[in-house]
Amino acid sequence: SSRYPRYTREEVGRHRSPQDRVWVTHGTDVFDVTDFVELHPGGAEKLLLAAGGALEPFWALYAVHNQPHVLELLREFKVGELSPDEAPPDPSAAQDPFAGDPPRHPGLRISSRKPFNAETPAELLTERFLTPNELFFTRNHLPVPAVDPGSYRLRVEGPEGRVLSLSLSELRSRFPKHEVTATLQCAGNRRSEMSRVRPVKGLAWDIGAIGTARWGGARLRDVLLHAGFGEERDGEWHVCFEGLDADPGGAPYGASIPYGRAVSAGADVLLAYEMNGEELPRDHGFPVRVVVPGVVGARSVKWLGRVAVSAAESPSHWQQNDYKGFSPCVDWDSVDYSSAPAIQELPVQSAITHPRPGAAVPPGELTVKGYAWSGGGRDVVRVDVSLDGGRTWSVASLAGERAAPGRAWAWRLWELRAPVPAGAQLEIVCKAVDRSYNVQPDTVGPIWNLRGVLSNAWHRVPVTVTR
Ligand code: HEM
Ligand code: MTE
Ligand code: MO
């Protein structure tokens with residue numbers, strides 16, 4: 001006894017464009033979302049993919065919709081219900097696009113399951129200089145593609161329309177294997193500290209969306225030169241990468257880096273097929289991924305399918321309309337993504353991995369541990385640690401070797417031992433200094449941005465010393 005008119009799926013299916021009105025179904029409800037199409041935060045084009053049919057398969061892919069406020073919004077557009085003769089959508093028939101994702105280590109701290117996003121537990125981060133593959137943070141925007149290594153081909157678009165198609169064994173045998181130890185950090189690492197100032201949009205990463213591995217593969221430079229490109233190109237050029245992971249509309253994950261970085265021998269950009277001496281795990285890009293040392297993780301495209309040189313940056317959503325920084329005064333109504341450059345080299349970063357915030361530690365000698373890293377190959381020259389919120393400081397000892405100047409791609413682990421009195425309340429703080437004497441900002445408020453990226457303020461960890 002519903003007050004809503006009843007429709008068949010066939011009738012709903014006739015409403016697929018703004019001219020014919022845009023209808024969708026969710027459960028057994030029918031919605032006319034024509035007036036929302038242009039306002040959709042994910043873009044009009046994406047929404048129109050579901051026009052005339054069920055939202056569920058698309059929302060299974062974009063879990064951002066599984067929030068109460070999205071369903072509330074949808075309810076405003078309800079115009080009818082499916083007629084009772086229409087079979088309800090069979091949830092077992094609605095294919096889960098993530099069903100083919102690989103198994104994962106239960107020790108990872110999960111921030112979203114579909115797509116899979118998880119970080120290394122903070123206390124494990126600095127146990128070893130190289131992060132074990134199974135515990136390396138994973139940042140996936142889409143389902144993990146199933147790639148058959150035997151039929152895999154990397155498409156490299158050369159000058160004048162010449163196309164190079166490389167099998168995995170050709171990539172391994174035609175180009176010298178080059179190994180680089182490099183840290184990858186997601187632009188959203190430490191976002192949860194930023195969202196404590198004011199809410200931001202994005203996954204609530206703690207300090208573990210960062211990791212270091214020894215990557216092995218062909219130099220991108222060697223592949224580009226082999227394809228016929230030169231050391232130099234006049235004007236502005238970009239090397240664009242596409243992944244084999246794609247959204248329901250067929251748009252692949254994509255990103256680009258400037259041509260100069262791509263062909264530079266000193267920039268060490270890899271088409272990697274190995275991670276810490278093993279073949280790349282599926283979550284990290286099997287069989288081939290880009291590794292761009294010193295640059296935000298988003299440009300290190302996994303499951304690499306295509307490389308092309310272009311006068312424009314990658315047209316991908318993730319190059320154009322995400323992974324950019326803005327002033328704290330910019331909100332979702334005023335943001336103009338075309339006004340800011342895409343993030344490439346990251347700023348100087350450090351964090352405390354031990355002890356953890358809120359911990360109770362015994363009196364006596366306390367060991368504080370953490371990581372420090374900077375973008376662009378700038379080495380970390382010093383880490384300062386305070387136990388009293390930044391009033392007094394000590395210099396931490398840096399472990400590991402100094403890297404070649406300008407090619408410090410990997411983090412430095414650091415440690416400080418200090419006596420702590422029984423019953424004290426400590427605010428442990430760390431801050432790193434890089435080769436250019438760049439420093440971290442003392443508080444996160446002034447670097448707040450609506451997407452919660454580039455969160456690199458002094459890391460502060462309150463700790464109680466027991467009696
Ligand atoms: C984001 C609503 C259909 C893809 C969003 C958001 C809302 C929304 C409210 C912002 C969520 C948030 O960040 O809190 C709707 C409604 C739809 C619809 C009411 C149907 C009537 C679709 C379809 C697709 C899609 C069919 C894909 C094919 C996306 C994407 C985002 C998004 C990619 C951006 C996610 C991000 O910021 O990372 N949508 N959506 N949407 N939507 Fe939809
Ligand atoms: N490449 C593809 N094809 N698809 C993706 O979703 N995520 C990017 C980048 N490369 C992504 C991708 C982002 S935002 C980051 S931070 C790194 O991969 C994460 O690499 P990891 O999962 O191996 O740690
Ligand atoms: Mo990222």
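The values are calculated or read from the model by the stated rules, or taken from the named source; none is laboratory data. No experiment lies behind these values; they were computed from the predicted model shown. Virtual Cβ from ideal backbone geometry, glycine too; neighbours counted across all protein chains shown.
Suppose we keep only residues that are of a type outside the set (F, W, Y), touching a Gly at 6+ places or on another chain (Cβ under 7 Å) and part of a loop (DSSP other than H, G, I, E, B) within the stretch 401-431. Which one would you say is surrounded by the fewest Cβ atoms within 10 Å (Cβ to Cβ)?
The extreme case among them is G406.
Using the structure shown, decide if G376 is at pLDDT 95 or above, under 19 Å from A213 (Cα atoms) and not in a loop (DSSP other than H, G, I, E, B).
So G376 does not fit the description; no.
Quick one: S256 ticks every box in (1) surrounded by fewer than 23 Cβ atoms within 10 Å (Cβ to Cβ); (2) polar (S, T, N, Q); (3) closer than 26 Å to V147 by Cβ except a single one, so which number is it?
It is condition (1) that S256 fails.
Working only within the stretch 236-259, note down all residues that are more than 12 Å from ligand 2 (Cβ to nearest atom), touching a residue at least 12 places away in the same chain (Cβ under 8 Å) and over 15 Å from V307 (Cα atoms).
E236, P248, G249
Could you tell me which numbered condition W237 fails, if it satisfies all but one of (1) of a type outside the set (S, T, Y); (2) surrounded by fewer than 23 Cβ atoms within 10 Å (Cβ to Cβ); (3) at positive phi; (4) over 20 Å from the mean Cα position of the chain (by Cα)?
Condition (3) is where W237 drops out.
Which residues, taken from the stretch 283-330, are more than 14 Å from ligand 2 (Cβ to nearest atom) and part of a helix (DSSP H, G or I)?
Q320
Which pairs turn up if I take residues in the stretch 304-321 that are touching a residue at least 12 places away in the same chain (Cβ under 8 Å) and look for partners that are β-branched (V, I, T) and surrounded by 16 or more Cβ atoms within 10 Å (Cβ to Cβ) with beta carbon separation below 7 Å, at least 6 apart in sequence or on another chain?
L304/V288; L304/V290; V307/V156; V307/V239; V309/V239
One line per residue, one yes/no per condition, for (1) away from ligand 3 (no atom under 15 Å from the Cβ); (2) in contact with a strand residue (DSSP E or B) (Cβ under 6 Å, 6 or more places away or on another chain); (3) not small (G, A, S):
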| site | (1), (2), (3) |
| --- | --- |
| V291 | no, yes, yes |
| S300 | no, yes, no |
| P315 | yes, no, yes |
| I352 | yes, yes, yes |
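Could you name every one of the helices (runs of 4 or more DSSP H) located completely within the stretch 34-79 that has at least 3 residues being surrounded by 12 or more Cβ atoms within 10 Å (Cβ to Cβ) and at positive phi?
So the answer is none; nothing clears 3.
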